[in-house]
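The values are calculated or read from the model by the stated rules, or taken from the named source; none is laboratory data. Just so it is clear, the model here is predicted, and its values are computed rather than measured. Please note: Cβ atoms are built from the backbone with ideal geometry, for glycine as well, and neighbour counts cover all protein chains shown.
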Amino acid sequence: MGRIRLALVSLLGGLALVGVLAVAGEWVASGVPERRGIPMNGRVEKSDAEWREILSDEQYRVTRQKGTERAFTGAYWNTKDDGVYRCVCCGQPLFDAKAKYDSGTGWPSFWQPVDENSVSLVADNGWFMRRTEVICSACDAHLGHVFNDGPPPTGLRYCMNSAALKLVKRGDVSEPRPSGSGNTTAP
């Protein structure tokens, strides 16, 4: 009984220390500053019901509820196809396949977006960590996170969820926005 009590006290003490460090801001920080991107074709605004209608359950969970797909399960983590990765919600171009690399994490990783303004970077202080969330600048879809442990020339790793992306092969003239996404507003 004494060992169990000692183990519980140690565990609670460790958790308390983690909480104090997280609050004090001493936990792992991504080191990537926040910034707001400017959408290429204005903002896309929809009601929750409209997003649910055009997105799959997984796409909705990831993009609208800030979810994360399991590593090595998404459609694009190991894809080598050429093209442009667009936002699954609004169709805005986000990442060129030429900037994709194998980070070994199990998620599609890129060293830069197609344009700095296509994404916004926002502080994410959840789960006892300080990270930088990446969102679509046009519709605020959660895409993933960016870290400062990527390859040259940027040193950045944009670690994205496949469920937030749609790969449009280069030269394909498919619809730039998903069906029913015409509600746009000027920036």
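Considering 84, 114, 44, the condition of being modelled with pLDDT of 95 or more, in contact with a Ser or Thr (Cβ under 6 Å, 6 or more places away or on another chain) and among the β-branched types (Val, Ile, Thr) is satisfied by 44 alone. The residues on offer are 39, 108, and the sole one that is modelled with pLDDT under 95 and within 27 Å of residue 171 (Cα to Cα) is 39. Of everything in the range 97-111 that is among the hydroxyl-bearing types (Ser, Thr, Tyr) and part of a loop (DSSP other than H, G, I, E, B), the residue that is surrounded by the most Cβ atoms within 10 Å (Cβ to Cβ) is 103. Scanning for something more than 23 Å from residue 140 (Cβ to Cβ), crowded, with 18+ Cβ neighbours inside 10 Å and either modelled with pLDDT of 95 or more or not assigned by TED's automatic domain parsing to the domain that holds residue 142 (or both), does the range 87-96 turn up at least one residue? No: the range 87-96 contains no residue that is more than 23 Å from residue 140 (Cβ to Cβ), crowded, with 18+ Cβ neighbours inside 10 Å and either modelled with pLDDT of 95 or more or not assigned by TED's automatic domain parsing to the domain that holds residue 142 (or both). Residue pairs whose Cβ atoms lie under 7 Å apart, sitting 6 or more positions apart in sequence or on different chains, and linking a residue in the range 139-152 that is in a loop (DSSP other than H, G, I, E, B) to a partner that is buried (at least 22 other Cβ atoms within 10 Å of the Cβ) and of a type in the set (Gly, Ala, Ser), are 141/164. Looking at 61, 70, just one residue is modelled with pLDDT of 95 or more, of a type outside the set (Gly, Ala, Ser) and part of a loop (DSSP other than H, G, I, E, B), and that residue is 70.
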